[in-house]
1. I need the full set of residues from the stretch 13-58 which are assigned to a loop (DSSP other than H, G, I, E, B) and not β-branched (Val, Ile, Thr), in order please.
2. Cβ contacts < 6 Å: first residue over 16 Å from Asp32 (Cα atoms), restricted to the stretch 7-20; second residue surrounded by 13 or more Cβ atoms within 10 Å (Cβ to Cβ) and modelled with pLDDT of 90 or more, any location; separation 6+ or different chain. Result?
3. Within the stretch 20-49, track down each residue that is of a type in the set (Val, Ile, Thr) and open to solvent by 80 Å² or more (accessible area, probe 1.4 Å).
Amino acid sequence: MKNKIDSLEVIEMMQPKIKKLLYQTSINNREDLEQELNLLIITSVEKIKFKNMPSFSKLISLFEYGEKVS
């Protein structure tokens, strides 16, 4: 089972919804808005990944005992 979150996979999954919502804005702004939404998704996914990092002391103890870091 894959536990890691990939930003590109999330963007790919969200594309149908993003495309649908982009029709609510003017043609001139759609490309910029799509880029901003994709950037927001990437930023959010990276924050989630960062929150799941072990603390420094936990990381040191994992290395000391030879455990795998997930």
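The values are calculated or read from the model by the stated rules, or taken from the named source; none is laboratory data. Everything numeric in this text was worked out from a predicted model, so none of it was measured. FYI the Cβ positions are ideal-geometry reconstructions off the backbone, even for glycines, and counts take in every protein chain you see. With ligands, DNA and RNA removed, areas are computed over all heavy atoms of the protein, side chains included. Shrake-Rupley method; radii C 1.70, N 1.55, O 1.52, S 1.80 Å.
1. Quick first cut of the stretch 13-58, residues assigned to a loop (DSSP other than H, G, I, E, B) only: 23-26, 52-55.
Tyr23, Gln24, Ser26, Asn52, Met53, Pro54, Ser55 - these are the residues of the stretch 13-58 that are assigned to a loop (DSSP other than H, G, I, E, B) and not β-branched (Val, Ile, Thr).
2. Hits for this filter: Ser7/Ile42; Val10/Ile41.
3. Ile27
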